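Contents: one structure, followed by commentary.
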Amino acid sequence: MLFALLEEHDPRIEADLRALSVSASDIHAELKRALGTGDGRTWEGILVTPRVRKIVALAEASAGERDVEPSDLWTAIRSEGSSMAVEVLRRASR
């Protein structure tokens with residue numbers, strides 16, 4: 001999900017990355033280190049795990065009556081706090 005959000009080039013997410021002094025390419029590199037290259041694996045979308053459901057629920061709560069936007073998912077990922085995505089963000093911002 002984090003990789004997909006970075007591909008959206010949402011202005012609010014990009015501003016947040018600048019504030020953290022981290023680039024999308026830094027995060028992509030950390031994701032590849034954490035997950036491997038994916039050679040020999042195909043992905044037909046995002047796997048809907050309990051953690052993904054939790055992140056989506058947090059984003060929906062944040063959005064309220066409006067549609068969930070990429071920045072809502074970004075905030076939910078960061079606020080969830082214990083995922084691999086959060087660890088990747090921490091490592092990339094060092």
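Points worth noting:
- Criterion (within 11 Å of the chain's Cα centre (by Cα), at pLDDT below 90, within 16 Å of residue 89 (Cβ to Cβ) and among the small types (Gly, Ala, Ser)) met by exactly one of 29, 4, 34: 4
- Residue in the range 68-83 that is exposed (fewer than 12 other Cβ atoms within 10 Å of the Cβ) and modelled with pLDDT of 90 or more present: no
- Residues (of a type in the set (A, V, I, L, M, F, W, C) and either in contact (Cβ under 8 Å) with a residue 12 or more places away in the chain or not in a helix (DSSP H, G or I) (or both)) located in the range 82-92: 84, 85, 88, 89, 92
- Residue identified as part of a helix (DSSP H, G or I) and within 15 Å of residue 6 (Cβ to Cβ) among 71, 62, 79: 71
The values are calculated or read from the model by the stated rules, or taken from the named source; none is laboratory data. Quantities reported herein were computed from a predicted structural model and do not represent experimental measurements. Neighbour counts run over all protein chains shown; Cβ positions are idealised from the backbone, glycine included.
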